[in-house]
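Coordinate-derived values only; no laboratory data. As the structure is a prediction and not an experimental result, all values here were calculated from the model. Here the Cβ positions follow ideal geometry from the backbone for every residue, glycine too, while neighbour counts run over all protein chains shown.
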């Protein structure tokens, strides 16, 4: 993958690969073009050795002709790394003599390379920190405001509010604490039941338990991967206090019917938008339909602060309650006097500084995600075994991760596909497990709450979807998948 680093665009692996029969003159041209001073010599992609510009220079001094094959000066005593090696492994192997290192699979087939600015081949997700992040963080360090007090927290909240068009934004330490704080601020407590989908990350379920309430798991709709509305209706009881809607992988569930259900049964709505920043329904941002919307800024999210989260509230009184609780519920009138049992859920000024810089480029990030989805659709749609994300003309999917399912594949076969892609230098990710099949949560699961969730979990794959990915990467990924299935 060509990964931009500052003003440098690093070449893809094919720009560093030469056949063993190529002559030294042509090898020198390739080395000069890739600007990394090295090439990998292969025989049908089997890695034989490496050649550097220094090797060629020394050979010419000894009188070796430029028309000779590169194989006669190939260095066969070289270092390499296996696919899946960690960043720590890369650092250990790079030094003043070795600045670029080849990555091979178990059969010594050349897959990719690593250097100090390029640690992976094609990763699922990674942050883009090339805006004002460094400048704003440096400002924090210079002023000394590095904890939860400082101008960037309020600036970040304001910028976020403007983007989603909600007045009541509260920055917190993570997406999970955002969920917990939203639940508590809305008055959900012990004895209350909260309905959630069975196919999601574990955070909303845990947040319900933190508050002492009882989670009720409901299966999902196979088409949109969000909660099945018909099954949701059947799960409502006299104890039901709220519904948590998860806009999974960026797909926005149309909230029109959910709002009707909530109104009829007098239920609160919390929208978990951890994976859906940039997603809209009828041009209205997700998170603004319910009583509260929560967001995550973990390192793999569309906007990242490393760790961090945000809550938006419909009512300002609930936002004020959350603001108090996130800071130990300390009184505004008397320092160290606490009005309630609160939490330390504050976001630091440094994290907020990063978040502000990220939000300055949010439209670029979301537009790139939508473009990535368009290219995947173009190159995967021909294979009828691949189930692509549902397209709804009334919704904008921000495609946090591009998620596909494979028809007629078992979990073991899906896992083999994942391994095959990883061996080609393509990092992909399994979906979530159904919440109701894991031992801590079995008692919250009913007989029919995991069926579709299990099928989706067994047959799905999350594809690389980060800002740096290019069209060539997506074509290679698509070809690798369709080749395996064919």
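Things worth noting here:
- Beta bridges by DSSP in region 4-115, antiparallel share as percent, to the nearest 5: 75
- Kirkwood-based shape ratio for region 362-485, expressed as Rg/Rh from alpha carbons: 1.00
- Here the relative contact order of region 211-254, from alpha carbon pairs under 8 Å that lie six or more residues apart, stands at 32 percent.
- In degrees, nearest ten, helix 362-380 long axis to first principal axis of the chain (Cα): 70
- Sorting the segments 323-330, 437-444, 65-72 by their residues' average number of neighbouring beta-carbon atoms within 10 angstrom, most packed first, yields 323-330, 65-72, 437-444.
- If you take the Cα centroid of region 334-380 and the Cα centroid of region 232-277, the two points sit 22 Å apart.
- Zone of residue 167's modelled label, taken as backbone nitrogen in region 302-317 under 19 Å from a point 7 Å along Cα→Cβ: 311-317
- The tail of the calculated P(r) for the chain, taken as Cα-Cα distances beyond 38 Å, holds 35 percent of the pairs.
- Each principal axis of the Cα cloud of region 415-486 was taken in turn, and the coordinate range along them, longest first, works out to 46, 29, 18 Å.
- Of all DSSP beta bridges in the chain, antiparallel share, percent nearest 5: 65
- Only beta bridges with both residues in region 202-332 are counted; by DSSP, about 45 percent of them are antiparallel.
- Rounded tilt (10° steps) of 316-326 against the dominant C-alpha axis of the chain: 60
- For the pair region 463-478 / region 159-231, the C-alpha centres are spaced 31 Å from each other.
- Structure-based [θ]222 nm, the chain - -39500 (n - 2.57) summed over DSSP H runs of at least 4, per residue, nearest 500: -10500 deg cm²/dmol
- Helix axis angle, 151-164 relative to the chain longest principal axis, alpha carbon, degrees: 80
- Cα-based equivalent ellipsoid, region 133-359: semi-axes from gyration tensor eigenvalues, Å: 30, 20, 14
- Computed over the chain: relative contact order in percent, which uses C-alpha pairs under 8 Å that are six or more apart: 17
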